[in-house]
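The values are calculated or read from the model by the stated rules, or taken from the named source; none is laboratory data. Just so we're clear, the structure is a prediction, and the values are computed from it rather than from any experiment. Note: ideal-geometry Cβ built from the backbone for every residue, glycine included; neighbour counts use all protein chains shown. The accessibility values were calculated without ligands, DNA or RNA, using every heavy atom of the protein model including side chains. Shrake-Rupley method; radii C 1.70, N 1.55, O 1.52, S 1.80 Å.
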Amino acid sequence: MYELKSYAAFDGGSRGRIHEEPEAAMRPAFQRDRDRVIHSAAFRRLEYKTQVFVNHEGDMFRTRLTHSIEVAQIARTIARALCLNEDLSEAIALAHDLGHTPFGHAGQDSLNKCMHDYGGFEHNLQSLRVVDVLEEKYAAFTGLNLSFETREGILKHCSRTNAAMLGPLGERFLNGEQPGLEAQVANIADEIAYNHHDVDDGLRAGLVSLDDLQDVESFREAFAEVTELWPDLAERRVIHEVIRRMINRQVLDLIETSQNTIDQHAPGSIDDVRATGVPLILLSEEASNRHLELKRFLRANLYRHYRVHRMTLKAARIVEALFNVFSDDTRLLPRPARDHMAELEEADGAAGRGRAIADYIAGMTDRFAIAEHERIFSASTLT
Ligand code: MG
């Protein structure tokens, strides 16, 4: 094991859990957080939630689960190289998408519209809600009772209005502070992971071609290198060799640039990191520009592809229809969801009712949402 730097998050120096608990016998606090995330029901459901492509379009595409595991892999590499707390970065990476609705961003945007009058819906805040409130498995408390630092990392962004309601966890959004470095690592590992695996999935789905990708400098460069080394290599292997080089370059650049930036600011502790007010985990300007170029390419060619758009449109309709029908007739909700609603309604009236429906829909997998929509609206399934 390497020695943590003074500005890393120390398991023993955590700001603690909401409910006091004795320490685990063998496991440090953040490792325990990681384990609790893995054993959560929301984590298992990530397997059947869309990243970009709806799950049933093929078994080879990323799902939220495999995405989260790739984020954790990248985050751990970076955390270890910078002598930060690997367990914490991993816990945040594995938990970061727990609040995602079915059907990726289409589902979230649709649910946000439905919740317009009730405080909106935001997947990032929902991830926190999952670990704080919605997981019900421990005898002594609701939620997973994770450490402050893990929760701080899960809450990547937050509006000022919502931040004001979150107590100590929301303070940094009001004070212009940063989260700890492990959170910053998980955050950027997320971007590196999805930008590159979306290229891979986009190629596999035939939505973008190797030719199209020659417009992207980082791709073109790695592609030239690989095809010169192995002129007869099968296409699938070329793609993998190119993408692993692209990821590797970004990660190495990130580690070097971040270490230099940390050295310049010389924080003595995680609190110094927070108070610095600017991110210390970052790419060099050149790597960052390349990254932006790739993002722009994906937005124009993949996320706005007509086939992706068609899927998006259908997904939005399903989510909206479910929200409306549950709002109009709450008897359609299964018992646990109705009990949850009764609780929230008592505290918050109509907004509480809306929130309970949003919680229920957000927890659905893609296929469950499709099946539920079918069960409610199709005349041929009168069961
Ligand atoms: Mg993500």
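Only one of the numbered conditions (1) of a type outside the set (S, T, N, Q); (2) open to solvent by 10 Å² or more (accessible area, probe 1.4 Å); (3) touching a Gly at 6+ places or on another chain (Cβ under 6 Å) is not met by Arg80, and that is (3). Under the condition of being within 16 Å of the ligand (Cβ to nearest atom), in a helix (DSSP H, G or I) and crowded, with 23+ Cβ neighbours inside 10 Å, the residues counted in region 83-107 number 10.
For region 232-248, residues that are surrounded by fewer than 16 Cβ atoms within 10 Å (Cβ to Cβ) and closer than 17 Å to Glu70 by Cα total 3.
Just checking, which of Ile188, Ile255, Ile262, Ile239 is within 16 Å of the ligand (Cβ to nearest atom) and assigned to a helix (DSSP H, G or I)? Talk me through it step by step, then tell me what you get.
Working: Ile255 fails: within 16 Å of the ligand (Cβ to nearest atom); Ile262 fails: within 16 Å of the ligand (Cβ to nearest atom); Ile239 fails: within 16 Å of the ligand (Cβ to nearest atom).
Result of the check over Ile188, Ile255, Ile262, Ile239: Ile188.
Mind telling me which of the residues Leu128, Leu146, Leu181, Leu111 ends up being crowded, with 20+ Cβ neighbours inside 10 Å and within 16 Å of the ligand (Cβ to nearest atom)? Can you show your working first?
Working: Leu146 fails: within 16 Å of the ligand (Cβ to nearest atom); Leu181 fails: within 16 Å of the ligand (Cβ to nearest atom); Leu111 fails: within 16 Å of the ligand (Cβ to nearest atom).
After ruling out the rest, the residue left standing is Leu128.
Results for (1) within 16 Å of the ligand (Cβ to nearest atom); (2) in contact with a Gly (Cβ under 6 Å, 6 or more places away or on another chain); (3) hydrophobic (A, V, I, L, M, F, W, C); (4) in contact (Cβ under 8 Å) with a residue 12 or more places away in the chain, shown as yes or no for each residue.
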{"position": "Pro22", "(1), (2), (3), (4)": "no, no, no, no"}
{"position": "Asp33", "(1), (2), (3), (4)": "no, no, no, yes"}
{"position": "Ser40", "(1), (2), (3), (4)": "no, no, no, yes"}
{"position": "Arg45", "(1), (2), (3), (4)": "yes, no, no, yes"}
{"position": "Asp59", "(1), (2), (3), (4)": "no, no, no, no"}
{"position": "Val71", "(1), (2), (3), (4)": "yes, no, yes, yes"}
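Suppose we filter region 267-285 for residues that are small (Gly, Ala, Ser) and farther than 12 Å from Ala8 by Cα; how many remain? Talk me through it step by step, then tell me what you get.
The first filter runs over region 267-285 and keeps only residues small (Gly, Ala, Ser), leaving 268-269, 275, 277, 284.
Still in the running and farther than 12 Å from Ala8 by Cα: 275, 277, 284.
So the count comes out to 3.
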